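Here is the structure we will look at, set down as C-alpha cells.
The values are calculated or read from the model by the stated rules, or taken from the named source; none is laboratory data. These figures come from a predicted structure and were not determined experimentally. Glycine also receives a Cβ, built like all others from the backbone with ideal geometry; neighbour counts cover every protein chain displayed.
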Amino acid sequence: MTSILSTPLGHSYGEPNLCHVLGLEESAMPCQRLRPLFPPSSSLEGSRLLSLLSVGQVVNIKAKVNRAFNSSMEVGIQVASEDLCSEKQWSVCKALATFVAHRELSRVKLKPIAPRTEEEKTEHSVAAERRRLRLVYADTIKDLLANCVIQDDLESRDCSHTVPAEKTRVESVELVLPPHANHQGNTFGGQIMAWMENVATIAASRLCRAHPTLKAIEMFHFRGPSQVGDRLVLKAIVNNTFKHSMEVGVCVEAYRQEAETHRRHINSAFMTFVVLDADDQPQTLPWIRPQPGDGERRYREASARKKIRLDRKYIVSCKQAEMPLSVPWDPSNQVYLSYNNVSSLKMLVAKDDWVLSSETNQIRLYTLEEDKFLAFHLEMLVHVDATQAFLLLSDLCRRPEWDKHCRSVELVQQVDEDDAIYHIISPALGGDTKPQDFVVLASRRKPCDNGDPYVIALRSVTLPTHRETPEYRRGETICSGFCFWREGDQLTKVSYYNQATPGFLNYVTTNVAGLSSEFYTTFKACEQFLLDNRNDLAPSLQTL
Ligand code: ADP
C-alpha cells in the first residue's frame, strides 16, 4: 500500500494542501474541496466507487502528480484491490486531487513536471482542461438552475411513500486530537472525510432503514483549516432521492471550546448512496419531502448535480468508438462537450505512435494507425506570432479564405468567449454529387503555461435548428483541430490534426498514400493566409 499524502514529486516546498479530488470515472467534475492548512479556499473532488472492498483483501493505492500549475497540482489516485487467494485484481475507485503548495503563509511557485509516457502526456494535457472545468463549476450549477426546468413533481408525489427530510437530519461533534492531525497540527483531510462519511451514512440509513453503500463523492469544499483542540460540528441531511440513489449533503463547522459561538464553516460535501439487495442490485428508494426554504433549494441543487454527473458520464467517459459521432448540443452540457472536445484533441496529440509519412515543402504529414482508427496531422513552421496564428484560425468564418474545402462558414452561436458553433458547407468530395455540410463546436484554449500549445478543437454536434437537409450530405468530424506551439518570436509550429471518420477516410488515405497533394496545397494556403494577415487582426480579437 502506497502512502498518497507524501510530498508529491519531491518538491521541497513545505506542506502541500489537498484542494480537491475528482472522480476519474466521470472524469471532469470538481467534487470536493479539502483544505487542511492555510489556503483560504480549495477543494477535493469526490472519488467514485467502482466496486466494494472487503475485510481481508489487499488495497493497492497509486498516486502521481499529473501536472503542476502555479502553486496547485493535480494528483491522480487509483485504488485497486486484490484477492490474495484467487489472485484476482480489480479497480476500486479512482480520483483526482488538487493540492496547493504553501510555505509559511504564502503560496509557492511549483516547478513544472515533464511528462514522459503517452499516458503521462495525456493526463498532463487534459489536467489543464479539468482545471478549467473546476473553476467554472459553481457557475455551471447556477446556470443550470437558472435556465433549466428541473422536474418539480413534489406536489404530485404519493405522500405515503415520502419521508420528510427532517427525519434524516444528523448532527455530531468530534474533538480533533493529535492522532487526527499532521505534524503542523492541522486535521488530516482524510480524517474529516471519514467523519463526514459517518454522519452521511446515518442520514442515508434514516431514509432507507437499511445499510446504504456510498457510491460517489461529489464536491468536497475545504474552505479552511481546523486544528488539534477544535470541535467539529458535522451536519448531514438527505437533500434529494432519485429512483435508486440519494444525495446526502454534509457540512462541517469548527469552533474552539472557549469561543463556541464563533463557528467557521470549514467543509461541505455531497455524497451519493445506494442500497444494494442480495444480488448487488440497487433498490428503489422512498421519495424525500424537503423542508420549505433551504431544503427545497438543496433539493433542486441536488438534481442539478445529478444531471451534471450524468452528462459528464455520457459525454466524457464514453469511448469515442462507442458514441455517435455527433452529440446533441445542449447548453446545460456545454462545459462537458467543450471538455470532451478539447481533451479528445489533446489525447490525440499526446499519442506516442505518430509516424512521419512524408514531407513536402517543409510541411510534414504524420499518421497514426490504431485498431480501426486512422488519424493524421500536418505540421509546419510559420513566421507568425503564436497568438496571432491562434486568433486568425480560431475565427472559423475566415476559413474559406484559405481552405477550398470550406465553401462557406456561418457562426450559428457564440456559446461563450472561447466556444462557438459553426455551420460549414463544403464542396462535394470526389465523386459525390451533393455538397457536404457540418455543424461543429469549436473550442479554443490558450496555453496554461509555457510549452503548452494553443488549441482549437473541433467536433460535430447536432442542433435542432440545423438538421440534415436533402440539399447536403451531412459530414461529421469526431476530433480535429489545430495546435500552435510558440517556437520563438514570430515563429510558430502550426499543426492540424484530424481523426478520420468513415465519410472522410477515402480522401485521407488518398493523401496519405501520396496519390493526392491536396493536404499540402491546403496547408500551404493556410500558411499564406497567416502571413498575409499577421498584422491585421481585428481589434476585438487582439484584446482576447
Ligand atoms: P448548501 O446549503 O448550499 O447545500 P452548505 O455548505 O451549507 O451548502 O451545506 C452542505 C450540505 O450539508 C447541505 O446541502 C445539507 O445537506 C447539509 N447541511 C447543511 N446544514 C445542515 C443542517 N443544519 N443540518 C443538517 N444538514 C445540513
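Among residues of the stretch 396-415 that are free of Cβ contacts under 8 Å to residues at least 24 places away in the same chain, those with a Cβ under 7 angstrom from a residue that is hydroxyl-bearing (S, T, Y), sequence gap 6+ or separate chain, pair up as P400/S408; C406/S426; V409/Y422; E410/Y422; L411/Y422. Annotation note: of A304, A269, the sole residue that is in contact with a strand residue (DSSP E or B) (Cβ under 9 Å, 6 or more places away or on another chain), more than 18 Å from H211 (Cβ to Cβ) and among the hydrophobic types (A, V, I, L, M, F, W, C) is A269. For the stretch 79-122, the set of residues classified as more than 22 Å from N450 (Cβ to Cβ) and surrounded by 17 or more Cβ atoms within 10 Å (Cβ to Cβ) consists of V79, A80, S81, V92, C93, K94, A95, L96, A97, H102, listed by residue number.
Taking the listed residues T465, T469, T510, the one that is farther than 30 Å from P112 by Cα and in a loop (DSSP other than H, G, I, E, B) is T469, with no other qualifying.
Just one of the listed residues (L458, L392, L429) is in a strand (DSSP E or B) and either surrounded by 22 or more Cβ atoms within 10 Å (Cβ to Cβ) or over 26 Å from the mean Cα position of the chain (by Cα) (or both), namely L458.
Residues considered: V163, V176, V199. Of these, the only one that is surrounded by 15 or more Cβ atoms within 10 Å (Cβ to Cβ), touching a helix residue (DSSP H, G or I) at 6+ places or on another chain (Cβ under 9 Å), aliphatic (A, V, I, L, M) and closer than 21 Å to I288 by Cβ is V163. Contact map, the stretch 130-146: first residue touching a residue at least 60 places away in the same chain (Cβ under 8 Å) and within 17 Å of L337 (Cβ to Cβ), second residue surrounded by fewer than 17 Cβ atoms within 10 Å (Cβ to Cβ) and among the charged types (D, E, K, R), Cβ cut-off under 7 Å, separation 6 or more or different chains; pairs are L144/K307. Of everything in the stretch 181-196 that's part of a helix (DSSP H, G or I) and small (G, A, S), which residue is surrounded by the fewest Cβ atoms within 10 Å (Cβ to Cβ)? Within the stretch 181-196, the match that is surrounded by the fewest Cβ atoms within 10 Å (Cβ to Cβ) is A194.
The strands (runs of 3 or more DSSP E) found wholly in the stretch 204-300 and carrying at least 1 residues that are within 10 Å of the ligand (Cβ to nearest atom) and touching a residue at least 60 places away in the same chain (Cβ under 8 Å) occupy 213-222, 230-241, 246-256, 264-274. Screening the stretch 246-300 for residues that are acidic (D, E) and surrounded by fewer than 21 Cβ atoms within 10 Å (Cβ to Cβ) and picking the one that is modelled with the lowest pLDDT gives E260. Of the numbered criteria (1) touching a Gly at 6+ places or on another chain (Cβ under 6 Å); (2) under 15 Å from E247 (Cβ atoms), the one V274 fails is (1). When K372, K351 are checked against the criterion of being modelled with pLDDT under 85 and under 17 Å from N498 (Cα atoms), K372 stands alone in meeting it. Taken over the stretch 89-122, residues that are part of a loop (DSSP other than H, G, I, E, B) and modelled with pLDDT under 85 amount to 3.
Give the residue that is nearest to the chain's Cα centre (by Cα), with candidates limited to residues of the stretch 214-253 that are under 19 Å from R305 (Cα atoms) and among the hydroxyl-bearing types (S, T, Y). It comes out as S245.
Here's the yes/no breakdown for (1) without any contact (Cβ under 8 Å) to a residue 60 or more places away in the chain; (2) farther than 23 Å from T367 by Cβ; (3) in contact with a helix residue (DSSP H, G or I) (Cβ under 8 Å, 6 or more places away or on another chain):
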position: Y422; (1), (2), (3): yes, yes, yes
position: D452; (1), (2), (3): no, yes, yes
position: I456; (1), (2), (3): no, no, yes
position: E471; (1), (2), (3): yes, yes, no
position: A500; (1), (2), (3): no, no, yes
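If you go through the stretch 429-443 one residue at a time, do you hit one that is of a type in the set (F, W, Y) and either free of Cβ contacts under 8 Å to residues at least 60 places away in the same chain or in contact with a Pro (Cβ under 8 Å, 6 or more places away or on another chain) (or both)? Yes. Does V170 qualify as being in contact (Cβ under 8 Å) with a residue 24 or more places away in the chain, within 16 Å of the ligand (Cβ to nearest atom) and over 34 Å from the mean Cα position of the chain (by Cα)? No. Counting the residues of the stretch 127-136 that are crowded, with 20+ Cβ neighbours inside 10 Å and not charged (D, E, K, R) gives 3.
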